[in-house]
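Novice: Provided herewith is a single structure, encoded as structure tokens, for subsequent inquiry.
The values are calculated or read from the model by the stated rules, or taken from the named source; none is laboratory data. All of these numbers come straight from a predicted model, not from anything done at the bench. Every residue, glycine as well, gets a Cβ built from its backbone with ideal geometry; the counts of neighbours run over all protein chains shown. Accessible surface is based on the protein model in full, side chains and every heavy atom, while ligands, DNA and RNA are left aside. Shrake-Rupley method; radii C 1.70, N 1.55, O 1.52, S 1.80 Å.
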Amino acid sequence: MLNIYNSLTNQKEEFKPIVPGQVSMYVCGMTVYDFCHIGHARVLVVFDVVYRYLQHLGYDVNYVRNITDIDDKIINRANERGEDFYRLTQRFIDAMHEDADALGVLRPTKEPRATDSIGIMLKMIAELVSNGHAYQAPNGDVYFSVAKYKDYGQLSGKKIDELRSGERVEVDTQKNDPLDFVLWKSAKPGEPSWPSDYGDGRPGWHIECSAMSTQMLGNHFDIHGGGQDLQFPHHENEIAQSECCTGEKFVNYWMHNGFVRVNEEKMSKSLGNFFTLRDVSKDFKAEEIRYFILSSHYRSQLNYSEDQLNNARSALKRFYGALLGAEICEPLSNTDYQKRFEAALNDDFNTANAVAVLFDLVRDINRAKTEDSATVNALASLLKYLGGIIGLLQSDAESYLKGQVGDYSGLNDDKVDDLIKQRLDARDNRDWALADRIRDELTAARIVLEDGVGGTRWRRG
RNA sequence: GGCUGGGUGGCAGAGUGGUCAUGCAGCGGCCUGCAAAGCCGUCAACGGCGGUUCGAUUCCGCCCUCAGCCUCCA
């Protein structure tokens with residue numbers, strides 16, 4: 001039985017889909033004006049695990065993750081570069097796909113772009129205007145009337161009165177109420193725009209998610225996810241717009257992942273303390289980054305540091321070390337390991353706990369290695385199968401361990417094999433000094449040797 | 001100021017009203033020509049003060065403290 005922590009009620013609840021056997025899930029994706037950083041990677045990976053695990057449980061999952069490809073930042077960036085905004089966003093969409101693929105993130109079922117959905121947004125806006133929940137201001141902008149939605153604040157726990165008293169935004173005289181938010185922005189000269197009954201303009205940020213999610217998943221769907229920073233105002237506003245427009249409940253389960261932090265501070269574009277995936281990938285394998293993300297619970301904060309990534313590196317070496325030499329076959333079914341593993345994931349996707357189960361399995365594999373290979377193969381296959389449920393351990397063990405990343409010395413695999421052969425000769429002659437000298441040479445090139453009964457193995461350290 | 005969520009052993013990070021988390025690091029041993037890897041053993045923690053309880057790191061209250069949101073942000 002799967003339990004999910006619901007941000008709407010602030011407690012874990014048993015997951016029950018609206019339609020038995022099917023899950024409809026929407027996750028707020030990237031605004032594509034720059035490369036993805038580790039914080040973005042966390043959303044991608046966290047909800048990839050949710051997606052994979054729901055499928056593992058046998059659900060037919062309709063997973064929609066949007067792309068915001070029109071907003072102020074995109075326009076500004078395009079202007080700075082003198083590049084057409086559509087070309088700019090296309091470039092970063094391609095980059096995002098490359099990054100996500102590398103991390104082992106499965107493509108969502110659908111990945112709508114905001115600019116392809118303007119029509120449906122305008123329909124929603126028209127409905128909100130006609131039913132009195134929205135109005136057009138003198139300057140042409142269309143705003144949503146927060147005060148007219150009595151349940152506003154249900155997700156973030158905020159109260160309209162308190163928001164108003166803590167108001168820090170300068171009052172926009174165009175709005176009837178400072179809390180109102182924009183649905184349609186009228187275009188300034190030279191900005192990308194779309195025609196509408198309210199004049200040329202572009203959509204506000206919040207309406208796109210309401211439009212694309214309800215269009216693709218229905219007015220009422222199961223799961224909506226995103227980063228914690230979207231809880232307010234973005235998700236709160238989505239609820240308000242959607243429910244005022246459709247008259248139905250919008251979403252049953254809200255999921256929010258915690259931030260990645262750098263030196264006790266949120267990693268964010270505005271603080272400038274972010275590390276892009278591309279930067280980090282110069283020194284670490286994508287799977288190490290994925291493991292790092294999954295080594296803590298998705299709702300807790302995650303501190304980014306090189307030590308943490310090194311820790312992930314050690315962990316994966318241990319996993320792949322256990323897998324090395326085993327023959328992968330049909331995994332054992334109904335094992336205690338699988339039960340514990342699933343119990344962990346059933347508990348609000350507790351990947352940290354699930355990974356701990358995998359380490360117990362590793363110990364059993366390594367123990368069995370001195371005894372019989374059938375047990376090793378069976379347990380290793382189970383390890384690989386369970387790892388696959390959270391998108392880990394799917395590489396070939398030997399190539400993973402020999403794989404290189406970043407600036408290693410120029411020693412290629414053939415040269416390594418050659419040196420190892422020379423060292424073996426030296427060892428046969430009991431010339432330990434020479435053997436050790438060769439090993440030192442390899443060590444300097446970050447090659448680690450392991451002399452075993454079956455010969456000498458090596459890996460890149 | 002309002003609202004969230006935290007404070008666990010050297011580090012990271014789960015969890016529980018009374019027996020082991022787990023990984024890395026450390027220490028002792030086995031294995032090895034020596035290593036490495038692996039295995040066995042081992043050390044060690046629950047922010048502070050009260051309360052409930054036979055017993056609390058785990059429940060309750062207060063305090064201290066950290067992060068996040070309240071403005072764009074995954």
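Novice: If I filter region A:299-341 down to residues being open to solvent by less than 60 Å² (accessible area, probe 1.4 Å) and in a loop (DSSP other than H, G, I, E, B), which single residue comes out as nearest to RNA strand B (Cβ to nearest atom)?
Specialist: A:SER300
Novice: Could I ask something else about it? Kindly indicate the residue of region A:193-213 that is assigned to a loop (DSSP other than H, G, I, E, B) and of a type in the set (Gly, Ala, Ser) and also surrounded by the fewest Cβ atoms within 10 Å (Cβ to Cβ) among those meeting that condition.
Specialist: A:GLY199
Novice: Further question on the same structure: Please specify each residue of region A:412-461 satisfying the condition of being open to solvent by less than 50 Å² (accessible area, probe 1.4 Å) and either part of a loop (DSSP other than H, G, I, E, B) or in contact (Cβ under 8 Å) with a residue 40 or more places away in the chain (or both).
Specialist: A:VAL416, A:ALA445, A:TRP458, A:ARG460, A:GLY461
Novice: Within region A:1-18, can one find any residue that is β-branched (Val, Ile, Thr) and either over 24 Å from A:MET216 (Cβ atoms) or within 11 Å of RNA strand B (Cβ to nearest atom) (or both)?
Specialist: For region A:1-18, residues β-branched (Val, Ile, Thr) and either over 24 Å from A:MET216 (Cβ atoms) or within 11 Å of RNA strand B (Cβ to nearest atom) (or both): present.
Novice: With the structure loaded, tell me whether A:GLU287 is modelled with pLDDT under 95 and charged (D, E, K, R) or whether it fails that test.
Specialist: The answer is no for A:GLU287.
Novice: For region A:368-382, give me each residue that is in a helix (DSSP H, G or I) and either within 12 Å of RNA strand B (Cβ to nearest atom) or touching a strand residue (DSSP E or B) at 6+ places or on another chain (Cβ under 6 Å) (or both).
Specialist: A:ALA368, A:VAL376, A:LEU379
Novice: May I ask you to say which residue of A:ILE390, A:ILE365 is within 10 Å of RNA strand B (Cβ to nearest atom), open to solvent by less than 10 Å² (accessible area, probe 1.4 Å) and among the hydrophobic types (A, V, I, L, M, F, W, C)?
Specialist: Testing whether each residue is within 10 Å of RNA strand B (Cβ to nearest atom), open to solvent by less than 10 Å² (accessible area, probe 1.4 Å) and among the hydrophobic types (A, V, I, L, M, F, W, C) leaves just A:ILE365.
Novice: Right, something else. Mind listing just one residue for me: the one in region A:31-71 that is within 15 Å of RNA strand B (Cβ to nearest atom) and aromatic (Phe, Trp, Tyr) and, of those, surrounded by the most Cβ atoms within 10 Å (Cβ to Cβ)?
Specialist: Of region A:31-71, the ones within 15 Å of RNA strand B (Cβ to nearest atom) are A:31-50, A:64-71.
Remaining after also requiring aromatic (Phe, Trp, Tyr): A:33, A:35, A:47.
On the way: A:TYR33: 23, A:PHE35: 18, A:PHE47: 27.
Among them, the one singled out is A:PHE47.
Novice: Filter region A:227-265 for residues that are of a type in the set (Asp, Glu) and in a helix (DSSP H, G or I); which is farthest from RNA strand B (Cβ to nearest atom)?
Specialist: A:GLU243
Novice: Take region A:393-411 and flag every residue that is assigned to a loop (DSSP other than H, G, I, E, B) and open to solvent by 60 Å² or more (accessible area, probe 1.4 Å).
Specialist: Result: A:GLN394, A:ASP396, A:GLN404, A:ASP407, A:GLY410.
Novice: Right, next: Kindly establish whether A:SER295 is touching a residue at least 60 places away in the same chain (Cβ under 8 Å), at negative phi, within 15 Å of RNA strand B (Cβ to nearest atom) and not assigned by TED's automatic domain parsing to the domain that holds A:CYS28.
Specialist: Criteria met by A:SER295.
Novice: I've got another one for you. What's the number of the condition A:GLU80 fails, among (1) within 30 Å of A:ALA240 (Cβ to Cβ); (2) not in a strand (DSSP E or B)?
Specialist: Failed condition: (1).
Novice: Here's another thing I want to ask about it. Does at least one position in region A:140-152 carry a residue that is part of a loop (DSSP other than H, G, I, E, B), over 30 Å from A:TYR86 (Cβ atoms) and open to solvent by 30 Å² or more (accessible area, probe 1.4 Å)?
Specialist: Kept after step one, since they are part of a loop (DSSP other than H, G, I, E, B), are these residues of region A:140-152: A:140-141, A:145, A:149-152.
Subset that is over 30 Å from A:TYR86 (Cβ atoms): A:145, A:149-152.
With the extra rule that they be open to solvent by 30 Å² or more (accessible area, probe 1.4 Å), the set shrinks to A:150-151.
Yes, there is a match, as at least one residue in region A:140-152 is part of a loop (DSSP other than H, G, I, E, B), over 30 Å from A:TYR86 (Cβ atoms) and open to solvent by 30 Å² or more (accessible area, probe 1.4 Å).
Novice: Find all pairs meeting these conditions: Cβ atoms under 8 angstrom apart; at least six residues apart or on different chains; first residue within region A:249-265 and on the phi > 0 side of the Ramachandran plot; second residue part of a strand (DSSP E or B) and near RNA strand B (Cβ under 9 Å from one of its atoms).
Specialist: Hits for this filter: A:GLU264/A:ASN303.
Novice: Find the residue count for region A:74-99, including only residues that are without any contact (Cβ under 8 Å) to a residue 60 or more places away in the chain and either open to solvent by less than 40 Å² (accessible area, probe 1.4 Å) or within 22 Å of the chain's Cα centre (by Cα) (or both).
Specialist: Number of matching residues: 10.
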